[in-house]
Each structure stands twice: as C-alpha cells, then as structure tokens.
1. Criterion first (open to solvent by 20 Å² or more (accessible area, probe 1.4 Å), of a type in the set (G, A, S), on the phi < 0 side of the Ramachandran plot and modelled with pLDDT of 95 or more) does A372 satisfy it?
2. Where the second residue is modelled with pLDDT of 95 or more and the first is part of a loop (DSSP other than H, G, I, E, B) and lies in region 259-287, which pairs have Cβ atoms under 6 Å and are six or more apart or on separate chains?
3. When the residues of region 572-583 are filtered to those that are part of a loop (DSSP other than H, G, I, E, B) and open to solvent by 90 Å² or more (accessible area, probe 1.4 Å), which remaining residue is nearest to G486 (Cα to Cα)?
4. Is it the case that L306 is among the aliphatic types (A, V, I, L, M), over 14 Å from A328 (Cβ atoms), touching a residue at least 12 places away in the same chain (Cβ under 8 Å) and outside any helix (DSSP H, G or I)?
5. Could you tell me which of the residues G468, G486 is farther than 24 Å from D403 by Cα, in contact with a Lys or Arg (Cβ under 6 Å, 6 or more places away or on another chain) and open to solvent by less than 10 Å² (accessible area, probe 1.4 Å)?
6. What single numbered condition from (1) part of a loop (DSSP other than H, G, I, E, B); (2) open to solvent by 30 Å² or more (accessible area, probe 1.4 Å) fails to hold for S569?
7. Suppose the filter is in contact (Cβ under 8 Å) with a residue 60 or more places away in the chain and out of contact with any helix residue (DSSP H, G or I) (no Cβ under 6 Å at 6 or more places or on another chain); does I254 pass it?
8. Out of all the residues in region 251-284, which are among the aromatic types (F, W, Y) and either open to solvent by 30 Å² or more (accessible area, probe 1.4 Å) or within 19 Å of A534 (Cα to Cα) (or both)?
Amino acid sequence: MRNSLKEILEQFARGEADKTAVLESLRSKATVPAVVLPPSRQTNPELPASAVNSEATLLAELIGMVSEHLKVDRSELDVEAPLEDFGFDSISLNEFASKLETRWGLEIAPADLVECNSIGALARFFAREYPSQLGVTPRLEIGMGVDLPPAPILKKTEQSHIQDGASTPSNLSRAAYPPIAIIGMSAVLPGSPDLDTFWQNLIAKKDLISEYPKEREAWWRGFEEVASELPMHMPRWAGTIDSIDGFDSHFFNISPKEAELMDPQQRLLLQIVWHALEDAGLKPSNLAGTRTGFFAGVAGEDYMQLALRQSSTVETYLSTGCNRCVLANRISYFYNWRGPNEAIDTACSSSLVAVHRAIKAIHNGECSLAVAAGVSALLCPLTFIAFSKAGMLSPDGRCKPFDERADGYVRSEGVGAVVLKPLDAAIKDGDLIYAVIRGSSSNHGGHTSSLTVPGETGQAECVLDALGNAALDPLSIGYIEAHGTGTKVGDPVELRALRKALVSTSASEVAAAACGISSIKGNLGHLEGAAGIASLIKVALALHHKQLPGTVNFEKLNSKNDLASTHLSILKETRDWTPLRDKKGNSIPRRAGINSFGFGGSNAHVVMEEFILKGNAAPQPISALQPELIILSAKNADRLKQVAMRLLEFLKKSPKVNLSDLACTLQFGREELSERVAMVARDL
C-alpha cells in the first residue's frame, strides 16, 4: 500500500492523477508515510520559484528548507506534525521567515507563520496567499499523515466572524455585563513612587529604564556556578523601583524574623493594598469580616531561589514567605476578608487575568468589593540569563513597541492594585470613580507553531468576547493599550489580532472611527506578572485626565504590519483624547481596551469607559463656610510627620479640593492609629 500511495502522489505532482485518486488512497488506510516526495525533489530540493507549480511541489520544497534550517533529516519530518516537535520556536521561526523571503522574493512576516503549525499548513498557507507569485494552482487540499473525515458544512450563523474580521450583530446584541467601577488605585513603578509622578512621566514620554542597581549584585551569592556566564548575560538594563528591600514589619504585625524570610513581593502587596484602600477612602477595619475578594497576578519566584542558594538550612518561615498562594492569602488574612482569594500565574498576562477573575467574582455574587493586584520583583540573575540566551531581551536596553527596530524587551519590576466595586453601588455611595470597566475576557490561544509564540486567532477572539460582554461596537473603541513588548514576532501577531477583531464591516453607530494604539512598555519595560495592572492603571488615568500618552521609542511602524487601510494607528505623541461621535453628531464616551497575553498562551482583555456623572449636580464650593475637623494618625510620631507632609504636598498640587470632602475622608476613610493629631480649619 505504501508504494502505491507514493506512486499516486508522484503522478498527482506530475499532473497524471486527479485529486479523487489521492483522497481515496488516503481514506483507505489510517496512516500514510510521514513524507512522500517526487523523485525529482529528493535529488534537487532547491528548485527555482518558477518551478513551484503545485502544492505538492511547494510542499516538497518546504520540506527541504525545513530540513536544512533545523538540521533534521527529511526522512524524520512528518508534514502534519507540530513544528515545535522539530525544534521550531519564535526565534527560529523568525529566521526561517527571512530565508523564505530571500528564496522566493516575498515579504513574509513571522506572524504570518505563527498559526501554521505544521509543514503541510505552511504549504497550504503559501499556496493560498501567494499563488501568483509562486505560480501555484491550489489543488491538494488534504492533510498528509491523517485520515480525512468529511468536512462539516456550517450554517452562516455558525461561522465565526473571526474569519473575516467582522463583528456579528449577535456580538453587539448580548446583554451587557453590569459595569464595574474603579474607585481606588495605587502603584509603585520604575521612576514612579506614586500615581501622580507616574502620570507625569507618561504624558512627558519618559523612558524610565536604567542600569540594573549594582548593590543588588551582592544578593547573588551562591550563584558561583553561573559566574562564567554573567559577563555576557548579566542584567545590565532594567526598570527597577527604590527600596525594594525596605518594609515596616511592625505596621503589619509581623516579626522581623518572619519579614526577613518573606518574598519582597508579599511585602509590596501588603503595602500597596493599604494605599489603594486609602485612595478609595475605605477604612480597613470597616472591611473586616466582609466578603471582600483579593486576586493577585504573580509570576516570579526570585526570592525563593536566593534564599535556597544562600541558606544552609530550610527555615520554617520560608514556606509561608515564598509560597505564591500565601502571597495572596496573607492579604485576606491580614485584612480579615472572607471573599475569594487567588494567586494567579499565567506569565505576562497574570495581573490582567486577576482583574478579570475579580470582575467575574463580583458578577457571580461571591463578593461585593474586590481588590486586584499584580507584582514583580527582579532579584536573581537566573531568569535574566535564560531570557537573554533565548533572544527575548533587547541588546541595547530599550523596548521599542511596534517599531521597525524592535529587537526584544527589557525586564522591569513594580506593584499595583485597583479597588473594584459595582458601578451602581459606587455611585450610590458617592465614591470617586476613575473609570468604568464595561467588559472583560480571558482565554488561551490554543496550539500555535511554538509554545511561546502567541496565537492571533485566540487573541482576536478574546478581544471580541470582551466587547461582546460589554455589548459595545468595536468601532467605538478609541484607544488600545496593547501588550506591545517590542519583539519581532509578538508585536506583529498582536497587531494582526487587533485588526481582525476591531476592523468591522458591520453596521456601526460611529460616524468616523479612529483608534490609537500604544504600549506602556516603551516607558517602563515589561513588568511580566504585573504588566497588565500597570497598563490598566495607565488607561484609568488617561480616561480620568482625558489625555493619551504617546509611545516611547516608536519611530517607524514595523514593515511587516499594514495599518494604512484601517482606522488603527500607533499613537506617537501625547495628545488630548477627543471623543468619537455617532452618526447623529453626539459624543460617544471615551472607550479603551487593554490587551495582554502570556508567553504560554493565556490571553486577557479588558474594555474600559470614562465615567460620566449623569444629572445636574451643582459643584460644591471650594471652601466650606463652617469649620472642619482635620484628623491625621500614624503608628509613631516620625510617621505622623510624614503623613502630615504627604497631606501638605497633596494640597499644594490640588488647590481646589473641597475642604468638607477632605475632612470626611480623613475622619471616615482612614484607620485610627496610635499617634494622632487634630486641627480645626475654615479653609485650605
């Protein structure tokens, strides 16, 4: 049977057999030879492009090129086996695309090849997309090495709109999820110890990457066996935060010994959640015993590696100090929260998945208030070395999202948290609302050409699911905060996914669509497990201030991408955020999407909207007519002075704050600590 099938395929390649004979031969047995080649190709795989005149000969040429590129004998290549089985990854795929360009004189984006997960799929892709350039007449629509069941015939309503990039009416007619308000935020990010500094850095387009702190190299004791590799791969550039080893253990009722063995990521989360609650005007003791949920994205475990290398014994507190589940559990334990608690690791999408989980928990009635957070700390050289060897890191220490010069990302660290509450409840309670989350989604990209290569279709589906949950028109989205790591494969795949999801051919409410795209990674580098929360906070501030920060290190769009025929464009410079208008001339609320994906395939997308207070509430007077009681407290006298200084700095930057609101927040939205001061004032 093997010889007869081979003969039939050879006859087909020469045009002497028809497709029916091939199909009947394939269906007559469960498996076929892994590779069946015409004799001419076995002796001369490098035929000119003009000779590539059928899918069979195209397939044979690809087999030869893959064999040469990966140094794998062609007899070992199964044309329908996953490419990663033979050693393909994002780097080798990029190199292979360059070889194909040279061989055939085509412009081929590595992103084009991402979802071609076999040599056979590659052949079918090129025959379909470049038939005239390659002189191919597509004839062999079969999978070699597999049985062929009859293809299902889908009704029009069952066909995915992903295939043609158009959103279906059903996507917009779903019942929208109840919107969620962001009522509090806090973050410590590279070059940005607070939200105000962070925002100023964003609108000024500051590059906040710096040399990796020399003092941290002292923490690397115990890594002598990799010392010979450090000169080439040691971290030179990173986005880092100050005093990552500092922590007030007494404030959180933790002994110094236990605090010493706690991962700094735990310490950072304890502190950032406290500040986020303060920003929301929520008194921690008032939340004790409530079904408040906590969801944290975390992907790194540097401190555990340091501790195990540097200690001759395994300490008891190491298990609670460095365990990821305890990293989240400790928050609910300290604050006495009874709602759901999850530590989430989906690599780079971890913290945006955490936001999605928090939203779902509120929708499901598991909690009425939730805190979502993300944290990352760069303490150990091992991941730097591994990522550098994999070609993931930028040699010049600059992240260049979507740029022609993109050559990898820069690692960075930081922490951020947001307080989430149903919008109706937030309005009723008079909370400050930064922005509104209209929809969210999370999925996996499925099987692609490599475990670490993102999936275009999966990302597009994730975006459309989030828009469907929000019941929003894709063309009403005016801005996308993209994942945008500045890599040669990841960025083009993401732009193609966004184009597929957002460029709609359906009827739209929008008069003239325009959507800017940017990535915070040009400013900060890649926060990995905390990347999503940093992006979310950026967009919330942009909606709050009605400005869009420009993209750092962007000069020219990667030539593998074409946005010219779309309403999408890379946002180069900071500008005011002008709202879109509907066909009646009315303003549409400013809306944005935040996109995130992990290097293992997990995607997340969140759709946000500006908060517009309805009604005709008259503005309150700047200063109160009656005196107000201003109360400050801290755990000791020194910290009380710092609290007073922080209030002074805030008032200097916010001269129009309402004194009554300020007094109310300090009286009811702050914990009463042991060291206190009170004063009566009639004006600021």
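The values are calculated or read from the model by the stated rules, or taken from the named source; none is laboratory data. None of these values were measured; they are calculated from a predicted model. A quick note on method: Cβ atoms are made from the backbone with ideal geometry, for glycine too, and the neighbour counts reach across all protein chains shown. Protein only, heavy atoms only, side chains kept; ligands, DNA and RNA dropped before computing areas. Shrake-Rupley method; radii C 1.70, N 1.55, O 1.52, S 1.80 Å.
1. On the way: open to solvent by 20 Å² or more (accessible area, probe 1.4 Å): no; of a type in the set (G, A, S): yes; on the phi < 0 side of the Ramachandran plot: yes; modelled with pLDDT of 95 or more: yes.
No: the conditions fail for A372.
2. Qualifying pairs under 6 Å: A280/I183; A280/G184; A280/V419.
3. Going through region 572-583, the residues part of a loop (DSSP other than H, G, I, E, B) turn out to be 572-574, 577-580, 583.
Checking which are open to solvent by 90 Å² or more (accessible area, probe 1.4 Å) leaves us with 573, 578, 583.
On the way: E573: 18, T578: 27, K583: 37 Å.
Step by step, filter region 572-583, then rank; the result is E573.
4. Numbers: among the aliphatic types (A, V, I, L, M): yes; over 14 Å from A328 (Cβ atoms): yes; touching a residue at least 12 places away in the same chain (Cβ under 8 Å): yes; outside any helix (DSSP H, G or I): no.
Considered against the rule, which asks whether it is among the aliphatic types (A, V, I, L, M), over 14 Å from A328 (Cβ atoms), touching a residue at least 12 places away in the same chain (Cβ under 8 Å) and outside any helix (DSSP H, G or I), L306 comes out as no.
5. On the way: G486 fails: farther than 24 Å from D403 by Cα.
Selected residue: G468, the only one of G468, G486 that is farther than 24 Å from D403 by Cα, in contact with a Lys or Arg (Cβ under 6 Å, 6 or more places away or on another chain) and open to solvent by less than 10 Å² (accessible area, probe 1.4 Å).
6. (1)
7. Working: in contact (Cβ under 8 Å) with a residue 60 or more places away in the chain: no; out of contact with any helix residue (DSSP H, G or I) (no Cβ under 6 Å at 6 or more places or on another chain): yes.
So I254 fails the test.
8. From region 251-284, those among the aromatic types (F, W, Y) are 251-252, 274; that's our starting set.
Those that are among the aromatic types (F, W, Y) and either open to solvent by 30 Å² or more (accessible area, probe 1.4 Å) or within 19 Å of A534 (Cα to Cα) (or both): F251, W274.
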